[in-house]
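**Q** Below is the structure I would like to discuss, written out as structure tokens.
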Amino acid sequence: MMKMDFKTLMSKLFGFAAPTYYTWKRQERPIIHLIAKYFSREDLEEFLTTGGIKRLDDLKFQEEYSGNSDFELFKKFLQFSHVEKLDVKKEGNQNKDLVDMLREKDAKIKDLEAKLQSVQRALK
């Protein structure tokens, strides 16, 4: 990913010229403080390039769906295709157990679908 200079980054993020950003900063507008406090330059560049911030999407998935029933968790797994891309080989990766469980549930569902298709063929 090509790094944007700071003025370009702020201009694209806010949709106005860089001097307006600096005016807002001098005025101590809360949005400027929020962005500076909670988002890195890389986060903002990723958002402007891809429309999202992967680390926050991963965090949202973990927070919202931990503790839910297996079925609800699996439905969410299907919606979050990036879970398959998690690096589960790293030692101490917090996602490993979640990914292993979801892959196990996926295998069970595929097995049940195959059995259902077999029964449906037999009934024809």
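**Q** For region 4-17, what does the Karplus curve 6.51 cos²θ - 1.76 cosθ + 1.60, with θ = phi - 60°, yield as ³J(HN,Hα) per residue in whole Hz, taken in order and with x for Gly and Pro?
**A** 8, 6, 4, 4, 5, 4, 5, 4, 5, 5, 8, x, 9, 5
**Q** Now a separate question. On full extension of the chain, what length is gained from L116 through F16, given 0.36 nm per residue of separation minus the C-alpha to C-alpha distance? Present the calculation step by step, with values, prior to reporting the outcome.
**A** Working: separation 100, 0.36 × 100 = 36.00 nm, distance 5.70 nm.
Once the chain is fully extended between L116 and F16, it gains 30.3 nm.
A short reminder: the numbers here are calculations on the coordinates, not readings from a lab. Since the model is a prediction, treat every value here as computed from it, not as a measurement.
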